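Below is one structure; the comments refer to it alone.
The values are calculated or read from the model by the stated rules, or taken from the named source; none is laboratory data. These numbers come from a predicted model, not from an experiment. Methodologically, a virtual Cβ is constructed for each residue, glycine included, from the backbone with ideal geometry; neighbour enumeration extends over all protein chains shown. Areas reflect the complete protein model, heavy atoms only, side chains present, ligands, DNA and RNA absent. Shrake-Rupley method; radii C 1.70, N 1.55, O 1.52, S 1.80 Å.
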Amino acid sequence: MAYDLENRSLIIRLYTLYWLGYILLFSLIQGLPANDFITALRNEWYSILPKILFVTIVVEFLMPRLLFKKKTITFITAYVILILLFAFLQRLIDNFIILRYYLTFWKIEPLLSAPVFLYNVSKLQFVVTIPIAFKLFYYLAEEKNKVQTILSEKLQAELSSLRNQFHPHFLFNVLNSLYSKILSKSDDSAEIVLKISDILRFSIYDVNNKSITLENEIDYLKNYISLQQLRFENQLQLSFSVYGSVENHSIEPFLILPFIENSYKYCLDENNQGWITISITINDEWLVVKIENSLSENANLYPENVNSGIGISNVKRRLELLYPDTHVLTIKNETVSFFVSLKIKIKDGGN
């Protein structure tokens with residue numbers, strides 16, 4: 001309500017300035033040649049009311065109810081009728097007030113005299129053109145803003161859905177790791193529980209954030225990798241490196257993990273041996289992540305599964321939404337290895 005009142009007050013002020021400017025302009029145009037500005041100013045005041053009514057009806061009533069509702073023909077018809085009606089009303093004021101009492105030396109023309117009538121029509125057309133242009137501009141800007149709002153809400157809803165898809169997917173894999181350790185009564189179970197606790201605390205609080213610090217993201221990856229190493233023990237050779245400063249940068253959360261998760265899923269061969277190489281480089285505004293892993297025999301039999309799982313398709317979609325022109329994703333499914341290169345333009349500053 002407060003916004004509507006403020007908006008209405010602004011419109012009234014703009015109209016007031018517009019009409020004062022119009023009266024002053026035409027008083028000068030008509031009064032200066034005859035050196036009689038006061039008479040011209042008075043005549044404009046007498047004839048201003050029909051113009052105000054005409055502009056108000058067209059701009060504030062016809063345009064919102066007809067033109068903006070796509071009723072163009074009805075709008076044009078009503079507009080033509082109105083401009084002819086108010087031109088006639090203007091002729092009545094001219095003949096029976098202005099010319100009779102204030103400009104008695106002018107010849108009074110018939111009410112429907114074509115030249116004078118068309119002059120009044122053109123004057124009404126002139127006075128309504130600027131308000132119509134502003135109303136159209138405001139309407140188009142408002143419609144564009146509505147479209148942007150809808151797109152933004154749709155984007156946020158889709159991102160939220162994608163995050164929620166990813167979150168249970170990750171939990172499923174982590175809890176499976178814990179389950180297998182508990183079944184084997186491993187001494188690592190307690191340590192796994194602690195790491196799961198850290199990861200869950202991080203993911204619960206940060207999964208719905210628009211961005212997190214790159215430092216937190218990498219710490220999260222380290223915890224995840226440590227958890228997986230406890231699971232695979234000596235079966236897996238891992239190389240994990242970070243180059244450059246991770247401070248004062250932010251990133252959309254959980255963009256890197258699905259590729260690392262995928263590498264663990266398909267890296268072990270028939271002898272339960274495998275390797276993963278992970279390299280993260282921060283150079284100026286760019287984050288470059290390179291992940292390569294060995295492929296198991298099952299992965300080679302079904303190569304389409306390697307890069308089409310829930311996590312991978314999820315992150316591809318999020319990259320398209322969040323970094324449409326500022327990311328490069330390369331995926332190569334070789335005979336004995338799987339390679340991912342992800343380059344993202346990251347933001348300066350923390351969350």
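Considering region 208-267 alone, what residues qualify as being among the β-branched types (V, I, T) and more than 27 Å from S184 (Cα to Cα)? Talk me through it step by step, then tell me what you get.
First, the residues of region 208-267 that are among the β-branched types (V, I, T): 212-213, 218, 225, 242, 246, 251, 256, 260.
If the condition is that a residue be among the β-branched types (V, I, T) and more than 27 Å from S184 (Cα to Cα), then I212, T213, I218, V242, V246, I251, I256 are the ones that fit.
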**Residues that are at pLDDT below 85 and under 34 Å from the mean Cα position of the chain (by Cα), drawn from region 263-284** = D284
**Request:** Return the residue satisfying two criteria in turn: it lies in region 210-224 and is touching a strand residue (DSSP E or B) at 6+ places or on another chain (Cβ under 6 Å) and open to solvent by 10 Å² or more (accessible area, probe 1.4 Å), and of such residues it is nearest to L194 (Cα to Cα).
**Result:** T213
**Complete:** Expected single match for at pLDDT 80 or above, under 34 Å from the mean Cα position of the chain (by Cα) and either among the small types (G, A, S) or not assigned by the TED database to the domain that holds L62 (or both) among A141, A114 is A141
**Request:** Filter region 7-43 down to residues that are among the small types (G, A, S), loosely packed, with under 12 Cβ neighbours inside 10 Å and modelled with pLDDT of 75 or more, then give me how many there are.
**Result:** 2
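When the residues of region 44-53 are narrowed to those that are open to solvent by less than 70 Å² (accessible area, probe 1.4 Å) and of a type in the set (A, V, I, L, M), which ends up nearest to R91 (Cα to Cα)?
We begin by selecting, within region 44-53, every residue open to solvent by less than 70 Å² (accessible area, probe 1.4 Å); these are 44, 47-48, 50-52.
Pick out the ones that are also of a type in the set (A, V, I, L, M) and you get 48, 52.
Values: I48: 13, I52: 16 Å.
Only one residue tops the list, namely I48.
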**Asked** Taking E247, is it closer than 19 Å to I346 by Cα and open to solvent by 50 Å² or more (accessible area, probe 1.4 Å)?
**Response** yes
